[in-house]
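Comments concern the structure below.
The values are calculated or read from the model by the stated rules, or taken from the named source; none is laboratory data. Here the structure is a predicted model, which means the values were calculated and not measured. Ideal geometry is used to build each Cβ from the backbone, glycine not excepted, and the neighbour counts take in all protein chains shown. SASA here: full protein model, heavy atoms, side chains in, ligands and nucleic acids out. Shrake-Rupley method; radii C 1.70, N 1.55, O 1.52, S 1.80 Å.
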Amino acid sequence: MRKNSLLKGLVGAAFLFGATISAHAADTLAAVKAAGTMKVGTETAFAPFDFIDAGEHVGLNVDLFNEIGKELGVKIEWVTLPWDGVFPALEAGKFDVVAGPATITKKRMERYRFTPPLAEATIAILKKAGDQTINKPEDIAGKKIGVGKATAQLDQLKEFSETLPTKVDIREYPAFTESYADLAAGRIAGVANSLPNIAFVAKQREGTFEVVLPPFGKKSYFGFIGLKDADHAPLMDAIDAAMLKIKADGRMAALQKKWFDASFDTPDSVKDPAF
């Protein structure tokens with residue numbers, strides 16, 4: 001009799017434990033709302049999305065996540081770290097979603113879930129103002145070109161380099177701000193980054209940098225990143241809905257114009273990235 005009671009007790013405890021885990025897994029969104037805070041991971045060296053200005057964290061991501069927070073009824077808590085540590089930290093549960101943003105690629109979509117795009121991410125080259133040796137993308141053959149470590153831009157630059165008569169001398173940087181400093185100092189000939197990023201940098205430092213047109217990468221888009229599992233699906237669904245509402249009522253375009261001086265015609269979702 002005592003054995004049966006013990007067995008029933010263990011079965012009951014296991015059932016309750018399993019139910020608790022299932023409830024927690026299904027209530028990621030509820031947990032965020034109960035806490036009143038959504039933790040967002042990012043780096044702060046990717047202007048104009050995330051950067052430090054006069055000691056303050058600013059950028060398109062900050063403004064846009066403030067709007068997303070309003071839609072979800074929560075405050076935003078930022079967690080900042082170097083870009084190459086963002087994805088491991090997301091998987092370790094250090095925050096709920098990544099601002100970044102990140103270029104939406106086939107490889108990343110296999111592992112992560114992306115929000116609706118918030119901007120175009122097609123890659124181009126930034127050069128020193130007045131440099132007549134680089135007038136088109138192909139002119140970077142054999143030259144030292146900076147790019148962010150562990151980025152989609154790095155992958156695209158490597159792919160483009162293979163098409164040139166002389167491979168690009170690729171220099172990887174932990175943060176793009178460091179590559180811009182080296183470009184200004186003449187230590188490298190250019191920086192490969194998304195067109196919106198380098199257009200912003202060239203505008204901010206007119207007379208120092210110029211954008212080389214046209215972009216040379218395949219047309220691509222930026223999105224925010226979350227974990228691709230059932231546990232996080234409710235939260236990601238809510239973020240997606242908020243972003244589509246923000247896009248539909250014109251707030252997205254207004255923020256794009258604020259930070260880029262232009263708005264982007266982006267799809268509501270990306271099902272089949274160009275690369």
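Anything in the range 191-237 that is open to solvent by less than 70 Å² (accessible area, probe 1.4 Å), over 18 Å from Phe87 (Cα atoms) and either part of a loop (DSSP other than H, G, I, E, B) or free of Cβ contacts under 8 Å to residues at least 24 places away in the same chain (or both)? List them, or say none. Hits for the range 191-237 are Gly207, Thr208, Pro215, Phe216, Gly217, Ser220. Taken together, Ala253, Ala262 contain a single residue that is assigned to a loop (DSSP other than H, G, I, E, B) and farther than 22 Å from Asp96 by Cα, which is Ala262. The set of residues in the range 113-167 that are buried (at least 16 other Cβ atoms within 10 Å of the Cβ) and of a type in the set (Val, Ile, Thr) comprises Thr115, Thr122, Ile123, Ile125, Ile134, Ile140, Ile145, Val147, Thr151. Within the range 123-137, the presence of a residue that is more than 30 Å from Glu210 (Cα to Cα), touching a helix residue (DSSP H, G or I) at 6+ places or on another chain (Cβ under 8 Å) and not in a helix (DSSP H, G or I) is excluded.
Annotation: Glu110 fulfils all but one of (1) crowded, with 20+ Cβ neighbours inside 10 Å; (2) over 29 Å from Ala34 (Cα atoms); (3) of a type in the set (Asp, Glu); the unmet one is (1). The residues of the range 30-47 that are open to solvent by 40 Å² or more (accessible area, probe 1.4 Å) and either modelled with pLDDT under 95 or not in a strand (DSSP E or B) (or both), listed by number, are Ala30, Ala31, Lys33, Ala34, Ala35, Thr44. Just so you know, in the range 81-107 the residues that are open to solvent by 70 Å² or more (accessible area, probe 1.4 Å) and in a helix (DSSP H, G or I) include one that is nearest to Phe176 (Cα to Cα), and it is Asp84. Considering only residues in the range 254-263 that are buried (at least 17 other Cβ atoms within 10 Å of the Cβ) and of a type in the set (A, V, I, L, M, F, W, C), the one that is modelled with the highest pLDDT turns out to be Leu255.
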